[in-house]
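Asks: Below is one structure. I have some questions about it.
The values are calculated or read from the model by the stated rules, or taken from the named source; none is laboratory data. In this text, all values refer to a predicted model and were calculated from it rather than measured experimentally. Cβ atoms come from the backbone with ideal geometry, glycine included; neighbour counts cover every protein chain shown.
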Amino acid sequence: MYSLVKVKDKVRVPPKQFTSKLENSVLGMVQQEYEGLVDEDIGLVVAVTSVGNVGEGIVVPGDGSAYYDTEIEMLVYKPLMHEVVEGNITEITEFGAFVRISPIEGLIHVSQIMDDFINYDAKTPAFVGKKTRKKLIVDDSVLARIVTISLKGNIQNSKIGLTMRQPFLGKDDWIKVDEKTIGTGIVKERKVKSEKRQKSDREEKKEQAQKGG
């Protein structure tokens, strides 16, 4: 989920930036420091959009730079548990598929790709469902649900776990397969319930007949 957040921080501006407009210098320093960082509470900083309320500069003895109290507005992306996200498959390996979701990649483990026995085709590469014939390859657009989140300092150390083993997740052309499978399941369930009800009615009538005899 994307959102705009505001934080207050003290920004260090080196002497070589003193000739530029203060707001531009502060914005440039903040962009270098914040963009790409990952915070467990606010998420991944995609971009610093603006700075405001820049206070008076403070000089620390022995340091030629100036420090400014500043209000920073940032565009952040924070993945949420059970959130359904859209992305593109970037890589397929024997243990799963990587998918680009917004500014970060997530992993769909091979056990979470589809509700079917699947074969791994290393040559393509691809995953193919044994019964459903669903196929997943690089560049496919998919819907997936977030099931694990680990945000640690930067994108490289952060991990997102995803699943597509739920109805109507995965590729668009999997929907018809899911509708057919689910529909069949509903028909079978109704048939079993009907047979149980009919059997119960027969047993009840038989019991009543025995009592009447």
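Asks: For I175, are the conditions met, namely being over 16 Å from the mean Cα position of the chain (by Cα), at pLDDT 70 or above and over 23 Å from I104 (Cβ atoms)?
Replies: When the stated conditions are applied, I175 passes them.
Asks: Inspect all residues belonging to the range 38-45 and state whether any of them is of a type in the set (D, E, K, R) and surrounded by 15 or more Cβ atoms within 10 Å (Cβ to Cβ).
Replies: yes
Asks: Just to check your reading of the model, which residue among D63, D69 is loosely packed, with under 13 Cβ neighbours inside 10 Å, over 22 Å from G153 (Cα atoms) and either among the hydroxyl-bearing types (S, T, Y) or not assigned by TED's automatic domain parsing to the domain that holds I146 (or both)?
Replies: Going through D63, D69 in turn, just one is loosely packed, with under 13 Cβ neighbours inside 10 Å, over 22 Å from G153 (Cα atoms) and either among the hydroxyl-bearing types (S, T, Y) or not assigned by TED's automatic domain parsing to the domain that holds I146 (or both): D63.
Asks: If you don't mind, another one. May I ask you to list the residues in the range 6-37 that are without any contact (Cβ under 8 Å) to a residue 40 or more places away in the chain, closer than 21 Å to V76 by Cβ and buried (at least 17 other Cβ atoms within 10 Å of the Cβ)?
Replies: L27, M29, Q31
Asks: Let me ask something else about it. Just one of the numbered conditions (1) assigned to a loop (DSSP other than H, G, I, E, B); (2) of a type in the set (V, I, T); (3) within 28 Å of N157 (Cα to Cα) is not true of T19; which one?
Replies: All conditions are met except number (3).
Asks: Please report, ordered by residue number, the strands (runs of 3 or more DSSP E) entirely within the range 36-118 with at least 3 residues that are in contact with a Lys or Arg (Cβ under 6 Å, 6 or more places away or on another chain).
Replies: Per the criteria, 66-77, 84-93.
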